[in-house]
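Everything below concerns the one structure shown next.
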Amino acid sequence: MKPDRSKNFPVNAGDETEPSIGTAEMPVAFIVILALLIFAGGMFLSSNGGGFNSTVYGQYSSTNELAALAPQDEGNKQFAQGREVYGRTCVPCHQPSGAGVPGQFPPLVGSEWVQAPKADRIARIVLDGLQGPIAVKGTDWNNVMVRWKEVLNDEEIAAVLTYVRNEWGNKADAVKVEDVKAIRALEKDRNEAWTSAELLKIADQ
């Protein structure tokens, strides 16, 4: 004989319906918290995942960061420094492309002055400036280039000259810091810009 449970657990009229399967609205707070967690996880992976590259680990976040820490060839370091110097001093006149400004500033691309066997002439131009007419690639130019000797040190000048002599298809020897230093000392008393006629008297061999 089964026990009569109704005596201990009275059933109300409203509780006699059978349970049913259905859907209910998800709490808004839960959706917001879930979205925030997904966003935070994405940001963490973006900053620390290293692009899911197995060579990137620990405190590093990208292969570029690791490459920057790797030992670099001295020539590459000088070229990179020269690019930076060029970007903050030479671009307004000679342009990022090195093509110059037609009718105003001569090109550095393919310039015989830039690609001379020695950089003695262009080092002097950077140190003390240039004024008056000058022929570049068969075209005559007549403008003024300011002096940079008080702004750039010998290392920066050697770097930017190395850069322009080896960018945009140019190909010439790198410029040594000691060579720039020697020219600066030799011309220490000069207080005016060079002319092309003066520069042509300086041997470039």
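The values are calculated or read from the model by the stated rules, or taken from the named source; none is laboratory data. None of the values given here were measured: they were computed from a predicted structure. Here the Cβ positions follow ideal geometry from the backbone for every residue, glycine too, while neighbour counts run over all protein chains shown.
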Among PHE79, PHE105, which is the only one that is at pLDDT 95 or above and farther than 17 Å from GLU156 by Cβ?
PHE105
Among the residues of the stretch 86-99, the number that are buried (at least 20 other Cβ atoms within 10 Å of the Cβ) and either assigned to a helix (DSSP H, G or I) or touching a Gly at 6+ places or on another chain (Cβ under 6 Å) (or both) is 2
Taking GLY110 as the residue in question, decide whether it is on the phi > 0 side of the Ramachandran plot, in a strand (DSSP E or B) and out of contact with any Pro (no Cβ under 9 Å at 6 or more places or on another chain).
no
Quick one: ILE134 ticks every box in (1) crowded, with 21+ Cβ neighbours inside 10 Å; (2) closer than 24 Å to GLU84 by Cβ; (3) among the aliphatic types (A, V, I, L, M) bar one, so which box is it?
(2)
Taking the options VAL177, VAL164, name whichever one is without any contact (Cβ under 8 Å) to a residue 60 or more places away in the chain, of a type outside the set (D, E, K, R) and either in the same structural domain as GLY82 (by TED's automatic domain parsing) or touching a Leu at 6+ places or on another chain (Cβ under 7 Å) (or both).
VAL177
Among all residue pairs at least 6 apart or on different chains, which show Cβ distances below 8 Å where the first residue, located in the stretch 186-205, is more than 14 Å from LEU127 (Cα to Cα) and at pLDDT below 95 and the second is assigned to a loop (DSSP other than H, G, I, E, B) and not hydroxyl-bearing (Ser, Thr, Tyr)?
ALA203/LYS118; ASP204/ALA116; ASP204/PRO117; ASP204/LYS118; GLN205/PRO117; GLN205/LYS118
State whether the residues of the stretch 181-196 include one that is within 26 Å of PRO102 (Cβ to Cβ), assigned by TED's automatic domain parsing to the domain that holds SER97, assigned to a helix (DSSP H, G or I) and among the small types (Gly, Ala, Ser).
yes
Only residues that are over 20 Å from LYS171 (Cβ atoms) and touching a residue at least 60 places away in the same chain (Cβ under 8 Å): list them for the stretch 102-139, please.
ARG124, LEU127, ASP128, GLY129, LEU130, GLN131, GLY132, PRO133, ILE134, ALA135
Please determine whether any residue of the stretch 140-150 is surrounded by 17 or more Cβ atoms within 10 Å (Cβ to Cβ), part of a helix (DSSP H, G or I) and free of Cβ contacts under 8 Å to residues at least 60 places away in the same chain.
no
